[in-house]
Amino acid sequence: MKRIVALSLLAVSMYAQAEWTPLIQVPEFGENHYIDLQSVSDVDGAKQVTTLSDFPKDKKEACQGDSCAYLTSSRISVRHVECEAKRQRQIQFTDYEGRMGTGTVTQAAQGGPKKRYFRWYTPQPGSFFEVLINKVCAP
């Protein structure tokens, strides 16, 4: 519990200044994804970026292929993007009860590659992840 509180306070301070730029709407799930362009930085040979995913109110689970996400109202993530390899991974996230990263924190995590949602992924064409990589890696 202490870890969630500590991560939540860190997340709130980090994201308080974010400027969310719309990135893509995923019609299958009704999700809206945003990027904080000011957060893009170079870290260990990758680009680091903060994203916001805003989910539909009535969705509790969204699946595409063999990948499923259990959703709250919104999630703010820090991601690494490798431009040459055209892949990305989430390195930490904070889920919120409210829209656009507001309200009570319902879950927070950071971790390594042993957890499924912190592994490197090569995106499907037209996916949020492909759009994110293209945006972050654009000259």
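Bear in mind these aren't lab numbers, they're just calculated from the coordinates by the rules spelled out. If you're wondering where the values come from, they're calculated on a predicted model, not measured in any experiment. Backbone-built Cβ (ideal geometry, glycine too); neighbour counts: all protein chains shown.
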**Prompt:** What distance in nm separates the simple spin-label points at Asp42 and Cys137, each placed 7 Å from Cα in the Cβ direction?
**Reply:** 1.7
**Complete:** For 96-107, 30-41, ranked highest to lowest by mean beta-carbon neighbours within 10 Å, the order is 30-41, 96-107
